[in-house]
Every structure is written in C-alpha cells, then in structure tokens.
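The values are calculated or read from the model by the stated rules, or taken from the named source; none is laboratory data. All values derive from a computational prediction rather than experimental measurement. As a convention, Cβ positions derive from the backbone with ideal geometry for all residues, glycine included, and neighbour counts pool all protein chains shown.
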C-alpha cells in the first residue's frame, strides 16, 4: 500500500521599505499639513522651489502597492499628487 505524505508550504511575501516622493498639486496650508499627518505617518512634508512633496518610507510587499496606498492616503487628506519620483539608487534597490 503506498504511503501518502502531506506537505504544507507557506509562501511569505516579504515587506520592504519603499522610498519615493509624491509631488503635491499645491503647497498645503497649515490645516492641510495637519490633515496629512493625521492620515500619513511614514512621510515627511518638504517644501522647496515653490513646490511641496511628501518623501515616503513606506512598508509594503511591492513598490506598486506602496505607491498606490500613498496616493490613496494623500487623497484621504484632501490633496492631490501630481508626480511620483524616485532616486535612481532607490529604484535599483527596489528590484
């Protein structure tokens, strides 16, 4: 009689810190900045050269997941993102 062996395999998707920036459509007011930090706790708001951006360090299974969730969070805070950027070195590390 043949013996049967049951094998259980669990594939774990690894969470990594994804680094990227979202440029905002407009520089936020103080109240909007408070709203941002009420929704987002893994980004820093930076204003320079007449534009504002959020620099993210977001834990996610994929870069796409991190960016999609960040854009969604920006919308929850009542703002819009117009551009997603990454440093070349950070992009290479995401692969």
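Residues in segment 46-73 that are out of contact with any helix residue (DSSP H, G or I) (no Cβ under 6 Å at 6 or more places or on another chain) and over 15 Å from residue 18 (Cα atoms): 46, 47, 48, 49, 50, 51, 52, 53, 72.
Every listed requirement among (1) part of a strand (DSSP E or B); (2) at pLDDT 95 or above is met by residue 47 save one, (2). So residue 17 passes all but one of these: (1) in a strand (DSSP E or B); (2) at pLDDT 95 or above. Which condition number does it fail? All conditions are met except number (2).
Quick one: in segment 9-32, which of the residues that are free of Cβ contacts under 8 Å to residues at least 60 places away in the same chain and within 15 Å of residue 81 (Cβ to Cβ) is surrounded by the most Cβ atoms within 10 Å (Cβ to Cβ)? Selected residue: 24.
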